[in-house]
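Following: one structure in structure tokens, then a few remarks.
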Amino acid sequence: MSIEILKRNNVQVTGQGEKTLLFGHGFGCDHRVWSNTIKEFEGDYRVVTFDYVGSGNSDKTAYSKERYSTLDGYKQDLLEVCDALELKEMIFVGHSVSAMIGMLASIERPELMEKMVMIGPSPYYMNQPGYNGGFEQTDIDELLDMMETNYKEWAKYLAPVVMQNEERPQLAEEFEQLLCSNDPMIARQFAEVTFTSDLRDKLDKVTVPTLILQPKFDAIAPPEVGRYVHDHIAGSQMIVMEAVGHNPHLSDSAETAKYIKAYLAN
């Protein structure tokens, strides 16, 4: 069974060290987004990357609309990968929605994680009275409709919004290509699950020591959201990065790795 899981989720293991660092990618991405960041850790850590079912080079025949209709399905992917590798007391690094998937896993199985790093996390993307999630319901509806009617145009629109860094247009171009490599049907469902899940009531259940890395400008998960996560996870630490855009591990991998290293050294 464990070999099947490793193949299903396209698990990659590199590096060397007693401690394991496990990196979880965000929506629309796959394990390749970590390629520059993990180079900084492979000399001292066992490094694990993987693809959630439906993403990257995962086994897409394993995708089930029922299982992945909530983030619990993706949490189960993560837990099964950990069990297949017999991981305990590892460090989990999750970007965007993967930060929330990791949070759910840490609540269910806190012994799995020694520490957790959340990059650009958001427990809820929609604005509510007293809560600035960054999007109105109409924004989310339009985004999902665009994915259905013209997926490539949606990717072309979204990539520069996510990446920012207008002076480096190649970042948006590369991210657009990554988005276009997805199965449109699966990506649309993952987007709906990502943008409509409300996990604000789970934050205070986290017991694993947590670092929040918040880009100083992020159109997807605004700094106010990072602050909200920090305020509701007891004992968490938060760093506002110099990086801008929602994917600092792609645009500023050196800064991302620097803060993770410093946190793990404490």
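No lab work stands behind these numbers, since they all come straight from the coordinates. The model shown is predicted, which means the values in this text are computed figures rather than measured ones. Cβ coordinates were reconstructed from backbone atoms using ideal geometry, including for glycine residues, and neighbour counts include every protein chain displayed.
Summary of values
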item: Computed Kirkwood radius, in angstrom, where 1/r is averaged over Cα pairs of segment 44-135; result: 14.4 Å
item: Cα→Cβ-extended label distance, 7 Å offset, between N150 and Q137, nm; result: 2.7 nm
item: Relative contact order (percent, whole number), the chain, Cα cutoff 8 Å, 6+ residue spacing; result: 20 percent
item: Exceeding the 26 Å Cα-Cα cut-off - candidates K7/K39; K88/K205; K60/K152; K7/K156; K60/K216; result: K7/K156; K60/K216
item: Residue-averaged 222 nm ellipticity for the chain, from DSSP H runs of 4+ at -39500 (n - 2.57), nearest 500; result: -13000 deg cm²/dmol
item: GluC sites (Glu not before Pro) restricted to DSSP loop in segment 109-153 with at most 13 other C-beta within 10 Å; result: E136
item: Size-normalised alpha-carbon gyration radius of segment 83-131, reference 2.2 N^0.38 Å; result: 1.33
item: Estimated inter-spin distance, E174 and F217, nm [label 7 Å along Cα→Cβ]; result: 2.1 nm
item: Segment 197-266-segment 30-88 distance, computed between alpha-carbon centres (Å); result: 20 Å
item: Cα→Cβ-extended label distance, 7 Å offset, between M185 and E89, nm; result: 4.6 nm
item: Hydrodynamic radius by Kirkwood, which averages 1/r over all alpha carbon pairs of segment 74-231, in angstrom; result: 16.7 Å
item: Distance cut-off 18 Å, percentage of C-alpha pairs in segment 1-86 lying past it; result: 41 percent
item: Computed FRET value (nearest 0.05) for E66 with N266, which takes r as the C-beta separation and R₀ as 41 Å; result: 0.45
item: Stretch gain in nm, segment E42-E108, where the contour uses 0.36 nm per residue and the Cα spacing is subtracted; result: 20.9 nm
item: Antiparallel DSSP beta bridges within the chain, percent to nearest 5; result: 15 percent
item: For segment 154-266, fraction of C-alpha pairs farther apart than 19 Å, in %; result: 55 percent
item: Calculated from backbone phi, Karplus (6.51, -1.76, 1.60) coupling profile of segment 236-248 in Hz, x at Gly/Pro; result: 6, 10, 9, 10, 8, 7, 6, 4, 10, x, 7, 10, x
